[in-house]
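**Student:** Following this message is one structure expressed as structure tokens.
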Amino acid sequence: MVCAGQGLGFDSGRQHCNMMDSDLPPGSCNSTGHLSTIGYHTLPGRMHHSASTPAGVDGAGGGSRTPPATPKKGGKMLAVRIHMLDESISMFQIQSKALGRVLFDQVCRQLHLLEADYFGLEYQDASGTKIWYWLDSEKPMCRQVGLSMLEPNLRFCVKFYTSDPARLEEEFTRYLFCLQVKKDLATGCIQCNENTAALMASYIVQAECGDFVPEDYPDHTYLSGYKFFPGQDSESERRIMENHKKHLGQSPAEADLNLLETARRCELYGIKMHPAKDHEGVPLNLAVAHLGIIVFQNYTKINTFSWAKIRKISFKRKKFLIKLHPEGYVSGYYRDVVEFFFDGRNECKNFWKKCVENHGFFRCSSVQRQPRAKTRVISRGSSFRYSGKTQKQIVEYVRDNYVKRQTFQR
């Protein structure tokens, strides 16, 4: 496959990704193969890592860590605030000119995270458009989060939602995925019927509270302190309780896997909507997932362009283009190039970059890694390419570097 930039394309018939004219940065986010015990507070949603913290990070304190004093040498430093999936906050100090992967590697080392490439750091555009961007691992921090911010805020979250949770090798990785699903369910990102929502909530309760005990839980009010999904009421809590009763004997790890298996069957699992319009000006939402690019009208899926049907993706200012293989469209209904229009160039390019990364991660067996081209006065297009491990490479990497992690406490 050839993943392409602005005006460039990818050939979906090949399994080895060769980024044409691309400058792939050397190396992905390298997680350490040495694992040690990680402990957690017993309070829901609060994670405390008892393992050693990386250099440059002060591990003192509970959910929030304070950065050490700024070194006199080494250039200007950024104090970066990372919101973790368990609602805790970690502080890191990093040189403003350091590449994004330096910060991401520090976060992964603190978590002792082996399957790191499923995750990413997300930050919000400070210009007022409120776009969420993934931290580019091969771009300096100062060119992304901005030096004008006193303490840039980033979120550590799932970047690539696997369609097969069984491919996640470590229980800890599945636990982090469950925290992400829990957030997505609570914020309404995963929309499903009430029965499915109640079932997922019951797996969350089973993992956090253990078996249902009638003496401890005489009625549904033991769930009132939790907010699992929008519109939750006493009736839905009774439904959650009835499901919770059926999970007797399930370990937290089993409940986590059951939660992920249920979530992945939801149509909006891992879906992040990007507002756009078609060539007739009809409002739509675009999303990218493991199977390809999906088109929604409101929250109803109306079309899917699978990676196998796509020959090339590109953008030109506000216009996002999908070029299809001849067999990928019906003559008279679709043209060979499908166009969508975003409100601005930044929104368009941001979605294009997410498509490039998802294609590289899920569709390719490997990616070429070359130094990214330096910015020129006259550019032929974006040099952005996916620079991490592919899903296939992660599976092989973990099996080669796996060290059994001691049981962690939730």
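The values are calculated or read from the model by the stated rules, or taken from the named source; none is laboratory data. These numbers come from a predicted model, not from an experiment. Glycine also receives a Cβ, built like all others from the backbone with ideal geometry; neighbour counts cover every protein chain displayed.
**Student:** Which of (1) at pLDDT 95 or above; (2) in a helix (DSSP H, G or I); (3) hydrophobic (A, V, I, L, M, F, W, C) is the odd one out, the single condition Ala166 does not satisfy?
**Tutor:** (1)
**Student:** Another question, if that's okay. For segment 117-137, check the following and say yes or no: at least one residue is in contact with a His (Cβ under 9 Å, 6 or more places away or on another chain) and either over 20 Å from Gly388 (Cα atoms) or surrounded by 22 or more Cβ atoms within 10 Å (Cβ to Cβ) (or both).
**Tutor:** No, there is no match, as no residue in segment 117-137 is in contact with a His (Cβ under 9 Å, 6 or more places away or on another chain) and either over 20 Å from Gly388 (Cα atoms) or surrounded by 22 or more Cβ atoms within 10 Å (Cβ to Cβ) (or both).
**Student:** So which of Phe177, Phe104, Phe92, Phe156 ends up being aromatic (Phe, Trp, Tyr), more than 23 Å from Val403 (Cα to Cα), under 15 Å from the mean Cα position of the chain (by Cα) and crowded, with 19+ Cβ neighbours inside 10 Å?
**Tutor:** Testing whether each residue is aromatic (Phe, Trp, Tyr), more than 23 Å from Val403 (Cα to Cα), under 15 Å from the mean Cα position of the chain (by Cα) and crowded, with 19+ Cβ neighbours inside 10 Å leaves just Phe156.
**Student:** So which residues in segment 198-251 are among the small types (Gly, Ala, Ser), closer than 20 Å to Val181 by Cα and assigned to a helix (DSSP H, G or I), if there are any at all?
**Tutor:** Hits for segment 198-251 are Ala198, Ala201, Ser202, Ala207, Ser236.
**Student:** Among the residues of segment 261-274, is there at least one that is surrounded by fewer than 12 Cβ atoms within 10 Å (Cβ to Cβ) and either out of contact with any strand residue (DSSP E or B) (no Cβ under 8 Å at 6 or more places or on another chain) or of a type in the set (Ser, Thr, Tyr) (or both)?
**Tutor:** yes
**Student:** Give all pairs with beta carbons closer than 9 Å in which a residue from segment 341-360 that is in contact (Cβ under 8 Å) with a residue 40 or more places away in the chain meets a residue that is in a helix (DSSP H, G or I); count only pairs at least 6 apart in sequence or on separate chains.
**Tutor:** Final answer for the pair search is Phe341/Cys348; Phe342/Cys348; Phe342/Lys349; Phe342/Asn350; Phe342/Phe351.
**Student:** Here are some residues: Thr221, Thr162, Thr173, Thr196. Which one is out of contact with any Gly (no Cβ under 9 Å at 6 or more places or on another chain), closer than 22 Å to Asn358 by Cα and not hydrophobic (A, V, I, L, M, F, W, C)?
**Tutor:** Thr173 is the lone residue from the list that is out of contact with any Gly (no Cβ under 9 Å at 6 or more places or on another chain), closer than 22 Å to Asn358 by Cα and not hydrophobic (A, V, I, L, M, F, W, C).
**Student:** Now for a separate question. Quick check: is even one residue across segment 364-387 charged (D, E, K, R), more than 21 Å from Val282 (Cβ to Cβ) and at pLDDT 90 or above?
**Tutor:** no
**Student:** Okay, next question. So, in segment 186-197, how many residues would count as being assigned to a helix (DSSP H, G or I) and either surrounded by fewer than 19 Cβ atoms within 10 Å (Cβ to Cβ) or modelled with pLDDT under 95 (or both)?
**Tutor:** 5
Per-residue answers, yes or no, for (1) touching a residue at least 40 places away in the same chain (Cβ under 8 Å); (2) touching a Lys or Arg at 6+ places or on another chain (Cβ under 6 Å):
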position	(1), (2)
Tyr161	yes, no
Cys178	yes, no
Glu194	yes, no
Ser202	yes, no
Phe212	no, yes
Thr221	no, no
Glu235	no, no
Thr262	yes, no
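**Student:** Evaluate segment 106-123: report whether one residue or more is more than 24 Å from Tyr397 (Cα to Cα) and in a strand (DSSP E or B).
**Tutor:** yes
**Student:** Still on this structure, I have one more. Select from segment 275-305 the residues that are charged (D, E, K, R) and in contact (Cβ under 8 Å) with a residue 40 or more places away in the chain and write down the one among them that is farthest from Ile322 (Cα to Cα).
**Tutor:** So, considering only residues that are charged (D, E, K, R) and in contact (Cβ under 8 Å) with a residue 40 or more places away in the chain, the one farthest from Ile322 (Cα to Cα) is Lys277.
Residues checked against (1) buried (at least 20 other Cβ atoms within 10 Å of the Cβ); (2) in the same structural domain as Gln391 (by TED's automatic domain parsing); (3) not in a strand (DSSP E or B):
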position: Asp256; (1), (2), (3): yes, no, yes
position: Leu259; (1), (2), (3): yes, no, yes
position: Glu280; (1), (2), (3): no, yes, yes
position: Val288; (1), (2), (3): yes, yes, no
position: Ile294; (1), (2), (3): yes, yes, no
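Conditions (1) among the hydrophobic types (A, V, I, L, M, F, W, C); (2) over 27 Å from Tyr203 (Cα atoms); (3) at pLDDT 95 or above, marked per residue:
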{"position": "Lys245", "(1), (2), (3)": "no, no, yes"}
{"position": "Leu248", "(1), (2), (3)": "yes, no, yes"}
{"position": "Ser251", "(1), (2), (3)": "no, no, yes"}
{"position": "Asp256", "(1), (2), (3)": "no, no, yes"}
{"position": "His274", "(1), (2), (3)": "no, yes, yes"}
{"position": "Phe296", "(1), (2), (3)": "yes, yes, yes"}
{"position": "Ala308", "(1), (2), (3)": "yes, yes, no"}
{"position": "His325", "(1), (2), (3)": "no, yes, no"}
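**Student:** Ok, one more. I need the full set of residues from segment 310-322 which are touching a residue at least 40 places away in the same chain (Cβ under 8 Å) and buried (at least 18 other Cβ atoms within 10 Å of the Cβ), in order please.
**Tutor:** Correct list: Ile310, Arg311, Lys312, Ile313, Ser314, Phe315, Phe320.
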